[in-house]
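Step one of this worksheet: look at the structure below.
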Amino acid sequence: MYPARIHDEFPAPSYRGNQKQALSDIRAAFERGNDVVLVRAPTGSGKSLLARAIAGCARTAGEAAPEQVVDAYYTTPQVSQLDDVAEDALLEDLCVIRGKNNYDCILPGETDTPVNQAPCVRERQFDCQVKHRCPYFSDRAIASNRRIAAMTLAYFMQTAGSDVFGKRDVVVIDEAHGLGEWAEMYATIDLSPETIPMWRDLDVPDIDGLDEAVAFTERVEHLAERRVKELRRKEELTGDEVAERDSLNTLRQDLQWFREDYTDTESATTWVVDQPDRENAPVTIKPMNPERYLNHTVWERGNRFALLSATILNKEAFCANVGLDPDNVALVEVGHTFPVENRPLYDVAQGKMTYEHRDDTLPKIARSIVRIMARHPDEKGLIHCHSYAIQERLNELLDDLGVGVRVRTHDKAGRDGALSAWKRSDNPDVFLSVKMEEALDLEGDLCRWQVLCKAPYPNTRDSRVAQRLEDGQWGWYYRAALRTVIQACGRVVRAPDDHGATYLADSSLLDLFERADHDMPDWFREQVDRLSAPDLPRFAPDRALTGVSSGAKRRHDRSRSRSGDGSHPLSDVWD
């Protein structure tokens, strides 16, 4: 790596905000000998441009000895972020490669067939005469030979050990704050009728502990191997059979990985097993701190790493979570350039939103939202509901209060279409959202205000969360919630001249700020220090509807029920 050329590799014609200083600090961090540099850069700092400059410091073929690796990877967990990169003219030399299911076969009669179900994977001895023109294999070949290959984190991890995408000199991971959690999610093994076609043949026991889980996985793998052999004996498979074969092969690999890691006395990974409905019910095997998994899928893939995010809150804790030595990691802080007065936080707390207090608190929040709507009669709003149960009840309450005509909701299947319809609407509709705290760009008039209904603490019913709390990892618990709050606050203020208000309706959010104060970035603490109670209009539902046109009132119910096709680029983040 040659950090000295980081400024020359910056792709924009000029710097904005703190970009020039950030590049100098990143260069200095690498030149001090750190193999990993964490870059804490808030919304609007141009992380993708910083990422491109860092990737450009990788050795090229002309600068390396034959045994040295060259070039760079750019990767992000979020499909939407990769789409933004692909569409940015300043980043045109990042060569994007996606998974097979994103490409269609070009053979006659197969043009609507994704490559992962094309004849080359359906027929046992199929010899594709146009493989060199196949959109997937063509893009893969191009990306493998380009200076910077760009891909999702999922694809990056899946290609570990690949001859095509081997080790490179530099790896840049954007939106890296959840790297440990993403790795845990990718390494989680779900054993259920949906993942195991032969479920009825298993006679699933009541699994009490990991040793029994190991014995059960051996039986599952045996049945999966037998079924895969049956499929391989067929001359041609259907699309469903191809998906079954590939899924079972992946499952077999995951089960082998689990047993090897669990029996490795030197592994840092702790495994937990869930079977809430006991005998004959689905089983989930989850890793905690999957250090060995990350070592194989990420850390062995490069010489130097840059990890960028607005919410890497604690260097030591982050390093412990992803298996890094903090002595070999530097943290670069990039200052916020958005005026703090443009991103105010308002205290409208009505009580606790814990399960035992929710029935009392939520009606009060609904009345506050009506007053907030009246304060913003002509502006769109976003309500972060945290769960579908809260969303459903809040929707009922707002409808009972007479403002339902201004409210839109979504379900799991139709969230993408509902979001798109809300963004396109010219009316000041209020969108009741679930799990949209990240990867959502609502710049300008797309949204001017939002409400956080509940402190987004991790679910204590999740076995990994419960285990961490049993081990006393309360700092992790509060940081996880704070990280989500900070991400949510960034949805409605996207540029230095943008503005948007965030209202805090759960008193537990105020408690969270006290408990996690030492992990707050300075620029967010500045927002918290200015927290104030807003001057809201009196409760008057009719005032909340003054900006809604009569035509929109007639159309609203029909548009609110519209469903999407689940193909939105944010689906990977939300689901």
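When only residues in segment 96-120 that are among the hydrophobic types (A, V, I, L, M, F, W, C) and outside any helix (DSSP H, G or I) count, which is farthest from D83 (Cα to Cα)?
L107
So, in segment 309-368, of the ones that are among the basic types (K, R) and in a helix (DSSP H, G or I), which residue ends up surrounded by the most Cβ atoms within 10 Å (Cβ to Cβ)?
Taking the candidates together, the pick is R358.
Out of all the residues in segment 59-78, which are in contact with a Leu (Cβ under 8 Å, 6 or more places away or on another chain) and more than 18 Å from F165 (Cβ to Cβ)?
Result: Q78, single match.
Which numbered condition trips up R252, out of (1) surrounded by 14 or more Cβ atoms within 10 Å (Cβ to Cβ); (2) at pLDDT below 90?
The one condition R252 does not meet is (2).
So, in segment 190-235, how many residues would count as being over 20 Å from K286 (Cα atoms) and open to solvent by 100 Å² or more (accessible area, probe 1.4 Å)?
9
Within segment 199-247, restricting attention to residues that are in contact (Cβ under 8 Å) with a residue 60 or more places away in the chain and aliphatic (A, V, I, L, M), which residue is farthest from T263 (Cα to Cα)?
L237
Can you tell me which residue within segment 158-176, out of those that are open to solvent by 10 Å² or more (accessible area, probe 1.4 Å) and not polar (S, T, N, Q), is nearest to P77 (Cα to Cα)?
Per the stated criteria, the residue is E175.
Considering only segment 6-42, how many residues are part of a loop (DSSP other than H, G, I, E, B), touching a residue at least 60 places away in the same chain (Cβ under 8 Å), open to solvent by less than 30 Å² (accessible area, probe 1.4 Å) and closer than 25 Å to A439 by Cβ?
Residues flagged as part of a loop (DSSP other than H, G, I, E, B), touching a residue at least 60 places away in the same chain (Cβ under 8 Å), open to solvent by less than 30 Å² (accessible area, probe 1.4 Å) and closer than 25 Å to A439 by Cβ within segment 6-42 amount to 3.
Counting only residues that are within 18 Å of F305 (Cβ to Cβ) and crowded, with 21+ Cβ neighbours inside 10 Å, which one in segment 129-151 is farthest from the chain's Cα centre (by Cα)?
That would be I148.
Answer yes or no as to whether A58 is under 16 Å from M151 (Cβ atoms), of a type in the set (G, A, S) and either part of a loop (DSSP other than H, G, I, E, B) or open to solvent by 20 Å² or more (accessible area, probe 1.4 Å) (or both).
Against the criterion (under 16 Å from M151 (Cβ atoms), of a type in the set (G, A, S) and either part of a loop (DSSP other than H, G, I, E, B) or open to solvent by 20 Å² or more (accessible area, probe 1.4 Å) (or both)), A58 qualifies.
So H132 ticks every box in (1) at pLDDT 90 or above; (2) over 21 Å from H296 (Cα atoms); (3) in a helix (DSSP H, G or I); (4) not small (G, A, S) but one. Which box is left unticked?
Condition (1) is where H132 drops out.
Restricting to segment 273-308, and then to whatever is assigned to a strand (DSSP E or B) and under 21 Å from A58 (Cα atoms), can you tell me which residue is farthest from the chain's Cα centre (by Cα)?
N303
Can you confirm whether G44 is modelled with pLDDT under 90 and of a type outside the set (A, V, I, L, M, F, W, C)?
Judged against the criteria, G44 is a match.
Would you confirm whether any residue within segment 424-433 is open to solvent by 20 Å² or more (accessible area, probe 1.4 Å) and under 24 Å from P77 (Cα atoms)?
No, segment 424-433 has no match at all.
The values are calculated or read from the model by the stated rules, or taken from the named source; none is laboratory data. Because the structure is a prediction, the values reported are computed rather than measured. As a convention, Cβ positions derive from the backbone with ideal geometry for all residues, glycine included, and neighbour counts pool all protein chains shown. Each accessible area value is taken on the protein alone, full model and side chains, heavy atoms only, with ligands, DNA and RNA left out. Shrake-Rupley method; radii C 1.70, N 1.55, O 1.52, S 1.80 Å.
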